[in-house]
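The values are calculated or read from the model by the stated rules, or taken from the named source; none is laboratory data. For clarity, every value in this text was computed on a predicted model and none was experimentally measured. Because the Cβ atoms are built from the backbone with ideal geometry, glycine has one as well, and the counts that use them run over all protein chains shown.
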Amino acid sequence: MGGKPNSAGRTVVLTSFLLGGPSGSGVATTVMIGTVAYPMLAKVGVAESVNAIKDRKIDAFFWVGGIPTAAVTDLAATPGLKVKLVDHGDVVEKMNAKYGNLYTSAKIKAGSYPGYDKDNSIAEVWNIIVTSDKMSNDDAYAIVKTLIERKADIIAVHKEAESFSLDNQIQARSPIPFHPGALKYFKEKGIGG
């Protein structure tokens, strides 16, 4: 795995969406910003990290991804293994004070993973769709309209899409300005953006 024990003798792996976990990935940034005490030891995919836990090669890994994540569900369903999600929602205020309003406190609800019977307090990072200023207002409007009005189709692909709502479209939570085409759709729906 390339991981090394930290000061407590535990091996921790930094996991990212992309095998190889490039610098600047969502999980790398979140772990760095959250000032987690564990060193970033190895950068691998979530499935490889799950297998390493099962094989007892590592003790923990960091993961940023939609709920439920299939590999984490598989890990939680492994006989003889108990998953422990670490509460960390209490660091959101400090993270936002230092890096801007990118995070909110949220919960991974009890039952999201097999055998997990209590809520887990987390720092949640918002996903944003980024385009250049060259995208037409009509195209940006159509994309946002599709995401909102075809939400059920997107949920069929991944349950995490349930959390996408017009109420979450708040400019203060984005480090970049919303596209005028998106703002037009939000205004039509009575949301300020």
Subject >> Which numbered condition residue 102 fails, given (1) assigned by TED's automatic domain parsing to the domain that holds residue 77; (2) under 16 Å from the mean Cα position of the chain (by Cα); (3) more than 30 Å from residue 83 (Cβ to Cβ) >> reply: (3)
Subject >> Residue that is modelled with the lowest pLDDT, among those in segment 116-152 that are under 12 Å from residue 164 (Cα atoms), out of contact with any helix residue (DSSP H, G or I) (no Cβ under 7 Å at 6 or more places or on another chain) and not in a helix (DSSP H, G or I) >> reply: 127
Original post:
Are any residues in segment 63-82 in contact with a helix residue (DSSP H, G or I) (Cβ under 8 Å, 6 or more places away or on another chain) and closer than 24 Å to residue 155 by Cβ, and if so, which ones?
Top reply: 63, 64, 65, 66, 67, 68, 69, 71, 72, 74, 75
**OP:** Out of the residues in segment 153-165 that are assigned to a helix (DSSP H, G or I) and surrounded by fewer than 15 Cβ atoms within 10 Å (Cβ to Cβ), state the one that is farthest from the chain's Cα centre (by Cα).
**Re:** 153
Original post:
Out of 146, 131, which single residue is in the same structural domain as residue 181 (by TED's automatic domain parsing) and either on the phi < 0 side of the Ramachandran plot or crowded, with 16+ Cβ neighbours inside 10 Å (or both)?
Top reply: 146
**OP:** Please go through segment 170-186 and pick out each residue that is crowded, with 16+ Cβ neighbours inside 10 Å and under 17 Å from the mean Cα position of the chain (by Cα).
**Re:** 173, 174
